[in-house]
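Okay, structure first, notes after.
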Amino acid sequence: MILATAVKKTSFSALLLLIIFSTVCLAAQPAPEYQIKAAFLYKFLLFAKWPADASNESETAITIGILGKDPFGDAFRPVEGQSVHGKTLTIRRFEKGTPPDMLKACHLLFISASLKNDMEEIVASLRDYPVLTVSELKVFTQLGGMISFVTKKDTVGFEINKRAAERVGIKLRSKLLRVATRIVEE
């Protein structure tokens, strides 16, 4: 009887730990939409070229920054540390209110929709820096942002403000421009 009770307690404890572990693992997984968007962000790095004198140019790292609430979870884990343009990919997260001087160290900056009320000010503060700005706010490219995700039904696409990128010396390859859902003129 004592042995049966110990087995039941052990089994219950194991089951409880399995449920807790599963919940924690599931919570770390981003929604499929953000796994796709993370893949796009990674690909944007491959199809963009920064000016040689860019202030964000590091000899060893290429950086994706996430400003505001991070919807990506661990979606970047498979590519973090990979080589992009001969540099190691790093992911940095920034809170609201981070000064532009810190953000300009990024090659690509995803500005979270959680900052929609501050979007115009953030884009304006980065206007003169070669930082590829990306968001999912519908009017982002009209505000001077460079790439905006567009979601229709179950499809994720993007539109590009080519002039905003060119103004700071970022060149977007024609392959990227061809697959954009729309090219916005400022």
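The values are calculated or read from the model by the stated rules, or taken from the named source; none is laboratory data. On a predicted model such as this, the values are computed, not experimentally measured, just so you know. Cβ sites come from the backbone with ideal geometry, for glycine too, and all protein chains shown count toward neighbours.
List of remarks:
- Lone qualifier among Phe110, Phe94, Phe140, Phe72 - being buried (at least 22 other Cβ atoms within 10 Å of the Cβ) and either free of Cβ contacts under 8 Å to residues at least 60 places away in the same chain or more than 11 Å from the chain's Cα centre (by Cα) (or both): Phe140
- Subset tally (residues that are modelled with pLDDT under 95, within 23 Å of Ala54 (Cα to Cα) and of a type in the set (Val, Ile, Thr)) for the stretch 119-154: 0
- Hey, Leu89 touching a Leu at 6+ places or on another chain (Cβ under 9 Å), surrounded by 21 or more Cβ atoms within 10 Å (Cβ to Cβ) and at pLDDT 95 or above or not: no
- Residue in the stretch 157-171 that is free of Cβ contacts under 8 Å to residues at least 24 places away in the same chain and under 18 Å from the mean Cα position of the chain (by Cα) present: no
- Of the strands (runs of 3 or more DSSP E) entirely within the stretch 41-114, those holding at least 3 residues that are in contact with an Asp or Glu (Cβ under 8 Å, 6 or more places away or on another chain) and assigned by TED's automatic domain parsing to the domain that holds Thr133 occupy 87-94.
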